[in-house]
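Report on the following structure.
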Amino acid sequence: MMLIPVILCGGAGSRLWPVSREMHPKPFIRLENGQSLLQCAWLRGANLPGVAEVLTVTNHELFFKTESEYREVAGKAPKNLANSFILEPFGRNTAPAVAAAALQIAATHGEDALMLVLAADHLIADQDAFSLAVSKAMKLTQEGKLVTFGITPESPETGFGYIEAVGNSVLRFVEKPTLEKAQEYVASGSYLWNSGIFCFSAGALLREMAQHCPKILETTRACLAQADKSEGKDYSKTELAADDFEQVPDDSIDYAVMERSKNVAVVPCSIGWSDIGSWCALGDLISPDGRGNRIEGDVMIHDVTNSHIKSHERMIGVVGVDNLIIVDTPDALLVADSSRAQDVKHLYSQLKSQGHDTHKIHRTVHRPWGTYTILEEGPRFKIKRIVVKPRSHLSLQMHHHRSEHWIVVSGMARVVNGDNELFVNSNESTYIPAGNKHRLENPGVVDLVMIEVQSGDYLGEDDIVRFDDIYGRK
């Protein structure tokens with residue numbers, strides 16, 4: 001049986017701010033082993049038997065970042081795998097994402113191909129137990145079942161949905177309960193945590209969607225028919241248009257299909273599953289010291305207990321506190337009582353409503369050609385560190401309101417500046433006046449690192465006129 005892991009990579013991860021941002025959501029958070037949650041999810045699917053392709057549904061702004069994450073761990077897969085991508089212009093919840101994946105898989109591989117739907121931001125510690133659970137699920141799909149994975153509960157959690165089940169039979173789905181109800185569920189032995197992991201054939205899902213949520217299915221089908229499709233080496237990309245996708249109803253696959261269908265089965269399992277839903281859950285992955293502290297980065301403590309402290313760059317000194325979460329990033333600092341970890345999302349919501357940059361991006365921004373980091377900014381100036389990958393270049397562009405000074409720190413730059421083309425070596429610089437068309441390219445085999453100093457009366461990222469980009473589009 002053909003099995004295609006489908007990774008859903010989206011969401012803001014608002015409860016893990018300030019590390020998680022809109023353009024750097026929870027799946028990209030790195031764990032102690034150096035891998036991101038997204039990389040762990042890809043490897044989890046890629047290492048299953050019989051997998052030849054992994055399909056990822058994500059926001060189009062995250063495509064290059066996602067592809068880069070996969071390239072970094074591709075060598076850990078048992079063989080070369082094709083990666084396909086469906087790129088959404090904005091989030092529409094999981095039902096449209098899964099519908100788009102099912103339609104594409106059915107068209108490419110046939111309706112009998114099996115889909116294993118995985119969240120990019122979950123963690124599964126026991127790969128062997130997970131593989132066994134997938135094998136059980138695949139057998140149930142041969143009966144035409146839509147299979148969900150139910151986690152044997154370890155505690156009366158109120159942050160998860162529950163599934164009441166007998167063996168593989170689902171009796172009902174239950175919303176997130178009160179603590180009292182959760183305690184009853186766990187004590188009964190008849191309830192499982194709803195993991196959000198699913199397995200079914202593409203055809204079975206499409207038939208259920210046609211019955212239970214036909215508008216989602218048909219509007220998604222129309223989106224795919226009008227989508228911009230392209231292919232590269234070992235990957236394909238389907239980009240959904242915003243105008244079409246706006247017509248698709250917003251709903252989860254749980255509400256739209258799984259809770260309505262009479263054809264659902266469950267595989268109970270203990271696989272070391274966590275949805276990493278708060279800083280407390282992320283902290284639990286770190287071994288505590290003798291006083292219950294979980295420390296990451298350059299941190300000095302005195303008389304501190306039961307706290308999770310994370311430093312990105314700076315030294316953090318902490319004295320005489322208990323039960324705190326302290327997370328420092330270059331542009332934002334979080335201090336929270338551990339018992340209020342879920343409330344971090346309210347800070348994120350306030351930042352977003354106020355249009356504050358820290359809800360959306362980090363100071364380091366990833367682009368197809370490399371990265372830029374905002375080092376400092378003030379009235380009429382901004383300083384960036386720019387890193388351009390080998391054999392990569394930025395678009396030919398022009399700015400109306402700002403001039404730029406470029407100083408090469410290492411590597412060599414090929415620069416188009418107005419009518420001139422020149423090479424700028426390490427310890428050399430060039431000046432780009434406002435109004436000049438210009439392009440930056442790294443012709444070498446090592447990273448080009450440079451400092452850019454912008455000056456002018458407006459320094460917003462939207463002060464840019466592109467004449468072509470790296471794909472030749474106008």
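Counting only heavy atoms of the protein chains, get the accessible area per residue of the chain (1.4 Å probe) and round it to a whole Å² value. Walk me through the numbers before you get to the answer.
Numbers: 21960 Å² over 474 residues.
On a per-residue basis, 46 Å².
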**Message:** Helix 63-73 against the longest principal axis of the chain: what's the angle in degrees, Cα atoms only, rounded to the nearest 10?
**Reply:** 80
**Asked** So who's got an amide H within less than 5 Å of the one on Val299, skipping anything under 5 residues away but keeping other chains? H placed 1.01 Å off N, in plane.
**Response** Ile316
**Message:** From the phi angles alone, apply the Karplus equation (6.51, -1.76, 1.60; θ = phi - 60°) to the stretch 84-97 and give each ³J(HN,Hα) in whole Hz, x where the residue is Gly or Pro.
**Reply:** 10, 10, 10, 10, 8, x, 6, x, 9, 6, 7, 4, x, 4
**Request:** List every residue whose amide H lies under 5 Å from the amide H of Ile4, counting only residues 5 or more places away in sequence or on a different chain, with H placed 1.01 Å from N in the peptide plane.
**Result:** Leu114, Met115, Leu116
**Asked** Once label points are set 7 Å from the Cα along Cα→Cβ at both Leu422 and Glu184, what is their separation, rounded to one decimal in nm?
**Response** 7.8
**Request:** Please say if the stretch 1-85 is rounded, prolate or oblate, where rounded means a/c under 1.5 for a ≥ b ≥ c the square roots of the C-alpha gyration tensor eigenvalues, and otherwise the choice is prolate for a/b larger than b/c and oblate otherwise?
**Result:** prolate
**Request:** Rounded to whole Hz and in sequence order, give me ³J(HN,Hα) for the stretch 442-452 from the Karplus expression 6.51 cos²θ - 1.76 cosθ + 1.60, θ = phi - 60°, writing x for Gly and Pro.
**Result:** 9, x, x, 10, 10, 4, 8, 10, 9, 9, 10
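Classify the chain: rounded, prolate or oblate, from the alpha-carbon gyration tensor (a ≥ b ≥ c, eigenvalue square roots; a/c under 1.5 rounded; otherwise prolate if a/b is larger than b/c)? Let's see the in-between values first.
Details: a/c = 2.12, a/b = 1.37, b/c = 1.55.
Oblate, because a/c is 1.5 or more while a/b does not exceed b/c.
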**Prompt:** Within the chain, what percent of beta bridges assigned by DSSP are antiparallel, to the nearest 5?
**Reply:** 65
**By accessible area with a 1.4 Å probe, ligands and nucleic acids excluded, highest first: order of Ser155, Ser353** = Ser353, Ser155
**Item:** For the stretch 373-387, 3J(HN,Hα) per residue [Karplus equation, 6.51 cos²θ - 1.76 cosθ + 1.60, θ = phi - 60°, Hz, x = Gly/Pro]
**Value:** 10, 7, 8, 6, 8, x, x, 6, 8, 8, 10, 10, 9, 10, 10
**Message:** Please give me, ordered by residue number, the trypsin sites (Lys or Arg not before Pro) of the stretch 40-144 that lie in loop per DSSP and have at most 14 other Cβ atoms within 10 Å.
**Reply:** Lys79
**Message:** How high is the relative contact order of the chain? Use alpha-carbon pairs under 8 Å, at least six apart in sequence, and give a whole percent.
**Reply:** 14
**Prompt:** Taking amide hydrogens as modeled 1.01 Å from N in the peptide plane, which residues meet the under 5 Å criterion relative to Val170, leaving out close sequence neighbours?
**Reply:** Val266
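In µm²/s, what is D for the stretch 157-242 at 25 °C and 0.890 mPa s, where D = kT/(6 pi eta Rh) by Stokes-Einstein and Rh is the Kirkwood radius from Cα pairs?
Values: Rh = 16.4 Å.
It diffuses with D of about 150 µm²/s by this estimate.
The values are calculated or read from the model by the stated rules, or taken from the named source; none is laboratory data. Note that this is a predicted model, so its numbers are computed, not measured. Glycine gets a Cβ as well: all are built from the backbone with ideal geometry, and neighbour counts include every protein chain shown. Note: accessible area is taken over every heavy atom of the protein model, side chains too, but ligands, DNA and RNA are not part of it. Shrake-Rupley method; radii C 1.70, N 1.55, O 1.52, S 1.80 Å.
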